[in-house]
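Below is one structure, written out as C-alpha cells, with a few remarks after it.
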Amino acid sequence: RSLTAADADGDDRAVEAALRPRTLDEVVGQERVREQLSLVLEAARGRGRAPDHVLLSGPPGLGKTTLAMIIAAEVGSPLRLTSGPAITHAGDLAAILSGLHEGDVLFVDEIHRMSRPAEEMLYVAMEDFRVDVVIGKGPGATAIPLELPPFTLVGATTRAGLLPGPLRDRFGFTGHLEFYETADLERIVRRSAALLEVELTDEGAGEIASRSRGTPRIANRLLRRVRDYAQVRADGVVTHPIARAALELYEVDESGLDRLDRAVLDALCRRFGGGPVGVSTLAVAVGEERETVEEVAEPFLVRTGLLARTPRGRVATPAAWTHLGLAVPADAAF
Ligand code: ADP
C-alpha cells in the first residue's frame, strides 16, 4: 500500500511526494505544456517508440519533477533520477547510461550544472544512443563505443538559457513552466487539503493561494504551516482570519514575498539607491549565492513588476519603493 498524504504527514519530503499529481489530468494549470506533452507522448505511443527527449524549464517548485514522473508513468517505464551536480565526472554519467534499459526515462534535474565532459558525453548519447568509454590515459587511451538502448532523457533546468546551445538543440521538445495564477493555486491548495484531511474554507484557500509566489510547492508548504496554526490556536479549521494570522506569523507578506525576496528589494533600494546594480553585488549584499538570487528570487520579483533586469544591472521599479513603504526618489533609475 502506498503511503497516503495524511499518513506521510510530518515528513516534508514524504508529504511532497504524496501530494504529487500522478497523471497529466491531475496536473492543475500549465494547460499549454500539458497539451504539448500529451501530444508528444501519444504520438510516440502510436509509433511504438520511446518519446523524444524532453527539456522542462522554469523556477523551482513549479512541477518539473512531477511531470518527469508522469512521463515515466505514461511510458510505463521506471524513472531513473539523477542531477547535474551529482555528475562530476563523465564516468559517473557513463555508469548511469550503461545501466539503462530500453524505453527507460532518465531524469536529470539541474541539468545546467553538469560538468563539461559529461555534457559532451550526453550529446552523443542523446543523438546516437552511444557512449564512448575511454580506457587508459594520454596517448595510449582508447575509446570503446558502447551501444545504448533507446531511452528518453528528461532534463530540468531553472533557466533554459543557461544550457549550452548544442545540448538545448538535442531536446525534441522544450516545455516552459510559468508561475501559476492564483485560481490554479487555489485548486492545488484545495486538492492538497483534501489529501491531507485538512478542513479549509474557500476564503482560507484563497488567502494561502494568493501568498504562494505563484508556486505549488510553496502553496503546499504554507497550507501545512497554516494547518499547524489552526490546530494549535483554533479548532483546526483553516478559515480566512486563521490563514491571515498564520501567514503573518511566518512572515509571508500579502504579495507572497518571502524573506529573501524582501532582502533583495531592500538592498536594491536602500543600499544601491534603486540600482542599476550587478546581480553578484546584490547577492553579496544579501549574503546569498548568486544563483539563488538569480534563479529563485528574481524571476518572481520580475514577474510581479518589482524588479527589472536591464543591460546595466538590476533596477527597482517604482512599485518596489512603494512595496517597502518608501517614497520613490525623483532620480530613481527606472
Ligand atoms: P520542481 O521539480 O519544478 O522543483 P516539483 O515537481 O517537485 O517541482 O513540484 C513541487 C510540488 O508542487 C510537488 O509536491 C507537487 O505536489 C506540487 N505541484 C507542482 N505542480 C503541480 C501542479 N501542476 N498541480 C498540482 N500540484 C503540483
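The values are calculated or read from the model by the stated rules, or taken from the named source; none is laboratory data. A quick note: this is a predicted structure, and the numbers were derived from the prediction, not measured. Methodologically, a virtual Cβ is constructed for each residue, glycine included, from the backbone with ideal geometry; neighbour enumeration extends over all protein chains shown. Surface accessibility is based on the protein's heavy atoms, side chains included, excluding ligands, DNA and RNA. Shrake-Rupley method; radii C 1.70, N 1.55, O 1.52, S 1.80 Å.
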Of residues in the stretch 47-70 being over 17 Å from H112 (Cβ atoms) and away from the ligand (no atom under 12 Å from the Cβ), the one least open to solvent (accessible area, probe 1.4 Å): P51
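Yes or no, residue by residue, for (1) within 28 Å of R314 (Cα to Cα); (2) out of contact with any strand residue (DSSP E or B) (no Cβ under 8 Å at 6 or more places or on another chain); (3) within 16 Å of the ligand (Cβ to nearest atom):
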residue	(1), (2), (3)
G206	no, yes, no
R217	yes, yes, yes
R227	no, no, yes
A230	no, no, no
D261	yes, yes, no
L265	yes, no, no
V296	yes, yes, yes
Elements of type helices (runs of 4 or more DSSP H) in the stretch 1-90, at least 3 residues being modelled with pLDDT under 90: 5-8, 12-19
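Residue-by-condition table, conditions (1) within 25 Å of the chain's Cα centre (by Cα); (2) under 16 Å from S255 (Cβ atoms):
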site: T292; (1), (2): yes, no
site: T304; (1), (2): yes, yes
site: L307; (1), (2): yes, yes
site: T310; (1), (2): yes, no
site: R314; (1), (2): yes, no
site: H323; (1), (2): no, yes
site: V328; (1), (2): no, no
Selection status of D202, under 25 Å from E178 (Cα atoms) and more than 16 Å from the ligand (Cβ to nearest atom): yes
Number of the exception - T158 against (1) surrounded by 15 or more Cβ atoms within 10 Å (Cβ to Cβ); (2) more than 32 Å from the chain's Cα centre (by Cα); (3) among the β-branched types (V, I, T): (2)
So E74, is it more than 18 Å from E181 (Cα to Cα), open to solvent by 50 Å² or more (accessible area, probe 1.4 Å) and either of a type in the set (D, E) or within 14 Å of the ligand (Cβ to nearest atom) (or both): yes
Unmet requirement for R130, which otherwise passes all of (1) within 16 Å of the ligand (Cβ to nearest atom); (2) surrounded by fewer than 17 Cβ atoms within 10 Å (Cβ to Cβ): (1)
Selected residue (criterion: surrounded by the most Cβ atoms within 10 Å (Cβ to Cβ)) from residues of the stretch 170-184 that are over 15 Å from the mean Cα position of the chain (by Cα) and within 12 Å of the ligand (Cβ to nearest atom): D184
Exclusive hit being out of contact with any strand residue (DSSP E or B) (no Cβ under 8 Å at 6 or more places or on another chain), more than 24 Å from A209 (Cβ to Cβ), open to solvent by 40 Å² or more (accessible area, probe 1.4 Å) and at pLDDT 95 or above, set V284, V328: V284
Any hit, the stretch 78-92, residues being within 16 Å of the ligand (Cβ to nearest atom) and over 19 Å from the mean Cα position of the chain (by Cα): no
Residue pairs meeting the criteria (Cβ under 6 Å; at least 6 apart or on separate chains; first on the phi < 0 side of the Ramachandran plot, in the stretch 163-188; second among the small types (G, A, S) and away from the ligand (no atom under 14 Å from the Cβ)): T182/S210; E186/G206
